[in-house]
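Written below as structure tokens is the structure these notes are about.
The values are calculated or read from the model by the stated rules, or taken from the named source; none is laboratory data. Quick caveat, the model's predicted, so the values are computed rather than measured. Please note: Cβ atoms are built from the backbone with ideal geometry, for glycine as well, and neighbour counts cover all protein chains shown. These area figures cover heavy atoms from the full protein model, side chains too; ligands, DNA and RNA do not enter into them. Shrake-Rupley method; radii C 1.70, N 1.55, O 1.52, S 1.80 Å.
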Amino acid sequence: MKAEHYVGGVFRSDGPAFPLFSPADGAEIGGVPEAPREVVDDAVAAAREAVRGPWGTSGVEERAAAMRRIADGIQARFEEFVDAEVADTGRPRAFAETVDVPRAIGNFRAYADLLYGRPERAYTTQVPGWSTGGGQALNYTVRRPLGVVAIISPWNLPLLLMTWKVAPALAAGNAVVVKPSEETPSTATLLAQVIDQAGLPSGAFNLVHGHGPGAAGEFLTGHPGVDAIAFTGESATGSAIMRNAADHITPVSFELGGKNPALVFADADLDAAVDGTVRSSFTHSGQICLCTERVYVERPIFDEFVERLGARARELADYGPMISAAHRDKVLSYYRLAREEGATVVAGGGAPSFGDDRDGGFHVEPTVLTGLPETARTVREEIFGPVCHVAPFDTEDEALRLANDSPYGLASTVWTRDLSRAHRVAPQVETGIVWVNCWNLRDLRTPFGGVKASGIGREGGEYSLDFFSEPVNVCIQI
Ligand SMILES: O=C(O)C(=O)/C=C/C=C/O
């Protein structure tokens, strides 16, 4: 897969190529063009032209039809998208086949449908005398696209999370400039090819490749021609983007880091809680922002839960690698730190030896830890790998205090059979998303995002369409 920029409807490869390495076996798999500032400037200018021209003045019908053509285009090249995502990330093929590519198709279809469901609000009001003018008025609200939207998408779910932003941004009538992670350029290039064939006006969708600091990402998020920024990634990068955008008061939508807690009460279905925590801690080798890294278990079932979770972690076999050697080294440094801080390693704690070409890749062992204090860095800092720390609690209040004692607040799980407890506890967990007796069960219309250092705003359904458009109130005196 040859990664290319896509600017104003033209594929181009300006800029020095940087190497890409397979996370699966470490082999070099190609070069990616590093977009110079001029390419980013051209992309923003092309997007502005599209917004001022046919795309910005297009109607709901036309945009919904365009969303459906893009979804059909991805469907038609399904295997190519799977191949590209697996090549860039080393993930198990089944994950790309059952999650990544179907969700990309679903993202575009969801927003084609949601566009019709948006009643514009109108109020006929008898305006009280204190309002200048008074008398009767008709007030109604319409929504206008923001204009040019910068989208910075991450390496963990490259296609899923890029389209999770591109679909609503385009559906709302904006033009977009996408800068995918430098680690995962391939499905972004394929999407550009699909959109090129879907017949959107040139400049509606633009793609530039490159790194963040001092490169394409920074050029884009600090660009005066950008009207909004949507970003998923680490909280520290979010802070840097905010600083870079501050001079232009550019609105931001952020889905950032996490240190997601799981609360397992003694009355839980233990099989379900163990199965669910294996999924929430080790899916995609822990490289999903929603993954669990802190597990709190009510004391009567603590020992059995730890024993069972550790056994399941040791049984995992076909797990994928970390996205890069650098990220593999970061995760392994936390495994070392955990030992230095006094952790008991129940399972994993190192790098596996498969005895095949995977040993050239960036794999780490699924790991279960216990025995650390809440003040340990291992328990407080996001690791973003297949690792969780398990600690006991004795009361519901203590469970909530432990779960909420974090600078992050993205997602959480609560495992209990007690319906009253579920409804009492869930709203008190300081995360944007609380899953009860499940994990990552998704309805794309629901609000999705985090609190504290985990983000700003919500994505999903009307929440995305609201961020990607401006409400305009029109008041007509009757
Ligand atoms: O939108 C989703 O369903 C999803 O899995 C997002 C994960 C975000 C991780 O950074």
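Show me the strands (runs of 3 or more DSSP E) entirely contained within region 370-478 in which 2 or more residues are open to solvent by less than 70 Å² (accessible area, probe 1.4 Å), within 16 Å of the ligand (Cβ to nearest atom) and in contact (Cβ under 8 Å) with a residue 24 or more places away in the chain.
Passing ranges, in order: 411-415, 433-436.
Residue 367 is checked against (1) open to solvent by less than 30 Å² (accessible area, probe 1.4 Å); (2) within 16 Å of the ligand (Cβ to nearest atom) and fails just one. What number does that condition carry?
Among (1) open to solvent by less than 30 Å² (accessible area, probe 1.4 Å); (2) within 16 Å of the ligand (Cβ to nearest atom), residue 367 violates only (2).
Does region 86-100 contain any residue that is surrounded by fewer than 21 Cβ atoms within 10 Å (Cβ to Cβ), out of contact with any Cys (no Cβ under 9 Å at 6 or more places or on another chain), assigned to a strand (DSSP E or B) and not aliphatic (A, V, I, L, M)?
Scanning region 86-100 turns up no residue that is surrounded by fewer than 21 Cβ atoms within 10 Å (Cβ to Cβ), out of contact with any Cys (no Cβ under 9 Å at 6 or more places or on another chain), assigned to a strand (DSSP E or B) and not aliphatic (A, V, I, L, M).
Within region 52-64, work out how many residues are among the aliphatic types (A, V, I, L, M) and surrounded by 15 or more Cβ atoms within 10 Å (Cβ to Cβ).
The number of residues fulfilling the criteria is 1.
Among the residues of region 278-285, are any open to solvent by 10 Å² or more (accessible area, probe 1.4 Å), farther than 21 Å from residue 409 by Cα, away from the ligand (no atom under 16 Å from the Cβ) and over 18 Å from the mean Cα position of the chain (by Cα)?
no
Of the numbered conditions (1) closer than 25 Å to residue 221 by Cβ; (2) at pLDDT 95 or above; (3) assigned to a loop (DSSP other than H, G, I, E, B), residue 268 satisfies every one except a single condition; which is it?
Here residue 268 meets the rest and fails (1).
In this structure, does residue 96 turn out to be within 14 Å of the ligand (Cβ to nearest atom) and either at pLDDT 95 or above or not assigned by TED's automatic domain parsing to the domain that holds residue 32 (or both)?
Yes, satisfied.
Do we find a residue being surrounded by 23 or more Cβ atoms within 10 Å (Cβ to Cβ) and closer than 20 Å to residue 410 by Cα anywhere in region 298-312?
Within region 298-312 (the criterion being surrounded by 23 or more Cβ atoms within 10 Å (Cβ to Cβ) and closer than 20 Å to residue 410 by Cα), the answer is no, since none of the residues qualifies.
If you scan region 101-116, which residues turn out to be open to solvent by 40 Å² or more (accessible area, probe 1.4 Å) and either within 26 Å of residue 385 (Cα to Cα) or outside any helix (DSSP H, G or I) (or both)? So that I can check it myself, show each step before the final result.
Filtering region 101-116 down to residues open to solvent by 40 Å² or more (accessible area, probe 1.4 Å) leaves 102-103, 109, 113, 116.
Passing the criteria: 102, 103.
Has region 30-51 got any residue that is open to solvent by 60 Å² or more (accessible area, probe 1.4 Å) and among the β-branched types (Val, Ile, Thr)?
Checked against the condition, which is being open to solvent by 60 Å² or more (accessible area, probe 1.4 Å) and among the β-branched types (Val, Ile, Thr), region 30-51 yields no hits at all.
Exactly one condition in (1) within 16 Å of the ligand (Cβ to nearest atom); (2) without any contact (Cβ under 8 Å) to a residue 60 or more places away in the chain; (3) open to solvent by less than 10 Å² (accessible area, probe 1.4 Å) is not met by residue 288; state its number.
(2)
Which condition number does residue 270 fail, the rest of (1) surrounded by fewer than 19 Cβ atoms within 10 Å (Cβ to Cβ); (2) assigned by TED's automatic domain parsing to the domain that holds residue 82 being met?
(2)
How many residues are modelled with pLDDT of 95 or more and either part of a strand (DSSP E or B) or open to solvent by 60 Å² or more (accessible area, probe 1.4 Å) (or both) if we restrict to region 318-340? Reasoning before the result, please.
Just the residues of region 318-340 that are modelled with pLDDT of 95 or more, to begin with: 319-340.
When the remaining residues are screened for being either part of a strand (DSSP E or B) or open to solvent by 60 Å² or more (accessible area, probe 1.4 Å) (or both), the result is 326, 329-330, 336, 339-340.
Count: 6.
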